[in-house]
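For reference, the structure is listed below as structure tokens.
A short reminder: the numbers here are calculations on the coordinates, not readings from a lab. Please read all numbers here as calculations on a predicted model, not as lab measurements. Cβ coordinates were reconstructed from backbone atoms using ideal geometry, including for glycine residues, and neighbour counts include every protein chain displayed.
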Amino acid sequence: MTKTYEAVIIGAGIIGSAIGCGLARRGWRTLNIDRHSTSGQGSTSSSVAIVRTHYSTVEGSALAWEGTQCWENWLDHIGTEDPVGMAEFRQTGVLSLKTEENGHLEKQISVSDELGIPYEEWSVQRIADKLPGWETKKFGPPILSAHDRFGQHTGPSIEGAVLFPRGGYCNDPRLATHNLQVATEAAGGTFRFNTDVTSVQTNQGRVSGLIVNGTESIDCPVIINAAGPHSTRISELAGVADKSRITTRVIRHEYVRLPRPERSSPDEPDFITFDNDIGSYTRPDLGNTILTGSEGTEAEGETPADPDDFDRNLSNQVLEPIYRLAQRMPTLGIPNSPSGIVDLWDVSDDWIPIYDRSDLPGFYLAVGTSGNQFKTAPAVGELMAELVIACEAGQDHERDPLQFHLSRIGRTISLGFFSRNRAVNSTSSFSVLA
């Protein structure tokens, strides 16, 4: 017997589950389907889950600032206690170093002023006072360890930093996704796992349903592609993969867990750090450890990957951001056999996601989200729900882009910013920082 839903969301990661929640709370009969056995099991489960607001654009920062309000009040946002537990937001603060390459964060400071995001500018002396174990000389721009210049100072000191005190991280991204599943189900939405999409069905030029697991039909007038690294393949099934001006690609990423360098004093803060001078980031983790990886450097490049066939073993290149981090933290231990995570990112040409309709009526896109959209997910769920509702009611989003109100921060943004047919955004960082 064919089942019927008002909307099917392909993907039950953090973005797909948030979209299911957003639509179900607006009274839609929704189904999230996923090829994995539980929600949040795909690339979401490997997220570092940092919640920060320093993006290179007003729209990106506004969406992240709206999302921050949800993470800070996570139980209220979910609305019900998940029997398996609730994810926690840990507010550590985010310290980002100023460099010539990131414009001394002047853009991020200006955007923070515009949006009312709190921050503190730190001098080099304050960094040294707060983090006495740090080497404050300049090493950048970042290079590989084999370079003749590696480890040599390129300036007498770094150029200061900005602390965003409201930043932090989610302690369990998979659990957070399950929390959203519970919220969706409480609103009447449903989930199905171990389910592969075989084809997208159309009738008279618009979505009519899909076939899953080879033979089973599901009728629905709306499909939302939130399939992460598999999103291009889903768009291919719908015949829209080559019809957007902005494209997406799948790349491999990795990060490691290290023992935290010994604190110089019990009061030494445990910030998340983004160090553009050396091209490495850190995030505190359980058991007096830190997570670290690369911000992305020209020397490292990208590693394209097949989402169905990629190497989950750490590469030798994973040592590069550790070596660079050891310049800043001289007491950092470098393991002979590092442990960490390897997974995939689905990223766009300018690292800004696509939240849009497609050329096929009824088929919507929430793609190119990996690496920098975890924090925005609660807001994205509401954004996509409003976009779908408006377009299905007849709004011409191509000519008259939907204006979306971020109610928690009192800001309205144009969703044309996330269009599949926008020009590549030259103000982007063109990195995971977006």
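Data overview
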read-out: Whole-number percent relative contact order across the range 117-224, with pairs defined as alpha carbons under 8 Å at least 6 apart; value: 18
read-out: Mean separation of Cα contacts under 8 Å (6+ apart) over length of the chain, as relative contact order %; value: 24
read-out: Estimated inter-spin distance, Ala128 and Arg263, nm [label 7 Å along Cα→Cβ]; value: 2.3
read-out: Anisotropy class of the range 52-98 from Cα gyration tensor, a/c 1.5 cut; value: oblate
read-out: The range 356-434: trypsin sites (Lys or Arg not before Pro) falling in loop per DSSP and having at most 14 other Cβ within 10 Å; value: Arg399
read-out: The range 233-355: C-alpha gyration tensor shape, a/c 1.5 cut-off, then a/b vs b/c; value: prolate
read-out: Dipole in debye (nearest 20) - the range 22-166, about Cα centre, beta carbon charges: Lys, Arg +1; Asp, Glu -1; value: 300
read-out: Restricting the range 174-265 to chymotrypsin sites (Phe, Trp or Tyr not before Pro) in coil, as DSSP defines it, with at most 14 other Cβ within 10 Å; value: Phe193
read-out: R0 of 56 Å, Cβ-Cβ distance His153-Asp309: FRET efficiency to nearest 0.05; value: 0.85
read-out: The chain - share of DSSP beta bridges that are antiparallel (%, nearest 5); value: 75
read-out: Order by protection proxy (mean Cβ within 10 Å, highest first), peptides 28-39, 83-94; value: 28-39, 83-94
read-out: Spatial separation of Cα centroids for the range 247-295 and the range 27-66, in angstrom; value: 20
read-out: Highest-MSF residue in the chain out of Gly13, Gly155, Gly362 [GNM, Cα springs under 10 Å]; value: Gly155
read-out: Whether the range 294-424 is rounded, prolate or oblate, judged on the alpha carbon gyration tensor where a/c under 1.5 counts as rounded; value: prolate
read-out: Spread of Cα-to-Cα distances over 10 Å intervals beginning at zero, given as percent, for the range 44-142; value: 12, 34, 33, 16, 5
read-out: Listed residues Ser419, Ser61, Ser407, most fluctuating in the chain (Gaussian network, C-alpha, under 10 Å); value: Ser407
read-out: Gaussian network model of the chain, Cα within-10 Å springs - most flexible of Thr232, Thr297, Thr154; value: Thr154
read-out: Leu406 long-range amide H proximity, modeled H, under 5 Å; value: Arg411, Thr412, Ile413
read-out: Mean ellipticity per residue at 222 nm, deg cm²/dmol - from DSSP H runs of n ≥ 4 across the chain, formula -39500 (n - 2.57); value: -6500 deg cm²/dmol
